[in-house]
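Quick note: the coordinates plus some simple rules give every number you see, no bench work behind them. Since this is a predicted model, take the numbers as computed values, not measurements. Counting neighbours? That spans all protein chains shown, and the Cβs are built from the backbone with ideal geometry, glycine included.
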Amino acid sequence: MSGECPIKQIVKRDGTLVPYDRERIANAIFNAAASVGGKDRDTTEYLAREVEKALIQTYYPASIPTVEDVQDLVEQTLIDKGHARTSRAFIIYRHDRAKARAAQTQSVEATDKVPYRKIYEVLRWNMEHDCETVDGINRIIADEKYPQLVTDTNERYHNEVLAGAQRVIDRLPSVRMVIIAGPSSSGKTTTTIKMGEKLNEAGMKLRAINIDHYFFDLEMHPKDEFGDYDYETPQALDLELIDRHLAQLLDGQTIKTPHYDFKTGKRTLDIHEMSLADDEILLIDSLHGLYEDMTCSIPSSNKFKLYIETLGQVETAGGAFMRWADNRLMRRMIRDSWHRNLQPLQTLTHWHYVRRSELQNIIPFISTVDYVVNSALPYELPILKNRLFKYFPEAMALYENDPKRQDAYLRAKRVFELLDPMTEVADDSCIPAKALLREFIGGSEYEY
């Protein structure tokens with residue numbers, strides 16, 4: 001491939017944008033090759049150009065690739081071009097780098113900027129409950145201990161939420177607003193409800209505002225080359241109206257929030273009347289709750305920010321750890337099918353918008369939060385397999401040779417390889433009606 005590369009920027013692990021440089025790819029490949037005896041720089045340059053071709057086909061012009069996207073394509077290209085030993089060396093290098101970062105407990109997670117100390121807590125808990133690997137989860141199912149895993153996991157999540165609520169109580173009376181933020185399908189709504197239950201038990205009155213009602217009409221959002229709407233950006237929300245309404249509520253005024261219909265993509269203004277008494281705390285769960293423009297009129301001392309993410313630590317049969325975003329993708333594929341009238345493959349092909357927005361509009365602000373909750377549930381994976389597994393071979397067949405859908409193909413392939421050796425569970429009767437997973441699979445006692 002000749003000429004200047006149209007990809008100009010890469011999203012780093014901390015969410016910032018840096019210039020794209022093919023030489024960095026070539027150097028990484030050369031170092032991996034050298035570790036197994038390779039010395040051919042010309043081959044390295046050729047492979048770097050092949051990676052660049054794949055990047056352009058996969059991500060241009062729809063989105064900006066991340067560092068991990070580039071590394072994934074390096075691995076795939078090395079395998080496709082017959083350099084399996086170099087690919088393995090590169091995979092080992094990535095793994096060792098992750099371990100080195102993990103040793104720095106004051107650092108943040110490589111992809112989603114969550115402290116490593118928290119991740120280690122999750123991994124230790126999984127190891128103590130023998131669910132840190134796919135094989136371990138399979139043994140739990142075979143030994144008929146699956147219901148106990150459900151109970152233990154739900155208790156762990158519930159206790160984390162209670163601890164977050166206690167931190168709010170400790171900051172009274174200055175806190176007037178609690179923001180539950182996190183990426184798509186991390187469980188913000190259920191966490192908001194459970195926080196509310198705990199705070200109510202402490203004698204506090206709560207009011208929740210639904211930020212989803214502040215979406216602009218769908219037709220106002222930009223479309224990509226597939227005719228797909230980008231409603232993941234914070235600018236899809238009427239941020240100015242949200243901020244004004246929040247300030248008015250904390251000032252004791254009465255507002256009328258809009259109403260948004262996801263099936264029609266239309267918003268109606270001035271529908272739901274709402275006010276906030278002096279002894280009430282406003283609860284917000286929002287994908288973009290950390291985005292400053294949403295709450296810029298509210299003093300920091302009046303806000304408590306909680307971040308939630310699926311910090312799952314489950315090792316796949318291939319030795320890699322499940323991607324947090326893949327966990328959330330599966331949840332959303334199910335929920336979108338009954339909540340937003342979208343087919344699972346539509347959610348899959350839309351996911352590049354979700355990830356791009358998360359990396360640019362959520363992750364950079366995580367350092368501002370007051371508390372972190374892990375919403376990953378090891379027991380959910382066998383349930384998700386039962387409901388979704390059939391779609392991934394279909395997606396792989398549909399998109400493998402489609403240069404414009406390589407992002408969807410790579411995600412489908414990765415999830416397929418995760419779920420393929422896992423024992424599926426069809427009976428969800430042991431999952432309580434108030435469990436977080438019910439937010440996505442249905443059957444919850446909570447109203448969403």
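Per-structure values
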| read-out | value |
| --- | --- |
| Asp261-Leu17 FRET efficiency (beta carbon distance; Förster radius 35 Å; 0.05 resolution) | 0.50 |
| Sequence-distant lysines (8 or more away, or on other chains) whose Cα lies within less than 20 Å of Lys404 | Lys8, Lys53, Lys223, Lys413 |
| Cα shape, segment 207-293, gyration tensor, a/c 1.5 rule | prolate |
| The chain, relative contact order [Cα under 8 Å, separation at least 6], % | 18 percent |
| Length gained when the stretch Ser300-Glu128 is fully extended (0.36 nm per residue, less Cα-Cα span) | 58.1 nm |
| Cα lying deepest toward the dipole's positive end in the chain, options Met330, Thr133, Tyr214, charges on Cβ | Thr133 |
| Cα gyration tensor, the chain - rounded (a/c under 1.5), prolate or oblate | prolate |
| Distant-in-sequence amide H partners of Ile308 (H built 1.01 Å from N, under 5 Å) | Ala181, Gly182, Val373 |
| Extreme residue, positive dipole direction of segment 9-102, given options Ser87, Thr58, Ile10 (C-beta unit charges) | Ser87 |
| Loop-resident sites, segment 145-237, for trypsin sites (Lys or Arg not before Pro), counting at most 15 other Cβ within 10 Å (DSSP) | Lys145, Arg171 |
| Degrees, to the nearest 10: 116-128 long Cα axis against longest axis of the chain | 90 degrees |
| Unit charges on C-beta of K, R, D, E only; dipole of segment 116-441, Debye | 80 debye |
| Label-point separation in nm, Cys430 to Lys390, each point 7 Å along Cα→Cβ | 2.5 nm |
| In degrees, nearest ten, helix 344-361 long axis to first principal axis of the chain (Cα) | 80 degrees |
| In degrees, nearest ten, helix 41-59 long axis to first principal axis of the chain (Cα) | 40 degrees |
| Under 5 Å, built H, 5+ apart or other chain: amide partners of Asp285 | Ile180, Ile209, Ile211 |
| Spatially proximal lysines relative to Lys205 (Cα-Cα < 28 Å; intrachain offsets below 8 disregarded) | Lys188, Lys194, Lys256, Lys303, Lys305, Lys434 |
| Gyration tensor (alpha-carbon) shape descriptor, segment 9-102, a/c threshold 1.5 | oblate |
| Highest to lowest packing among 263-276, 434-447, scored as the average C-beta count within 10 Å | 434-447, 263-276 |
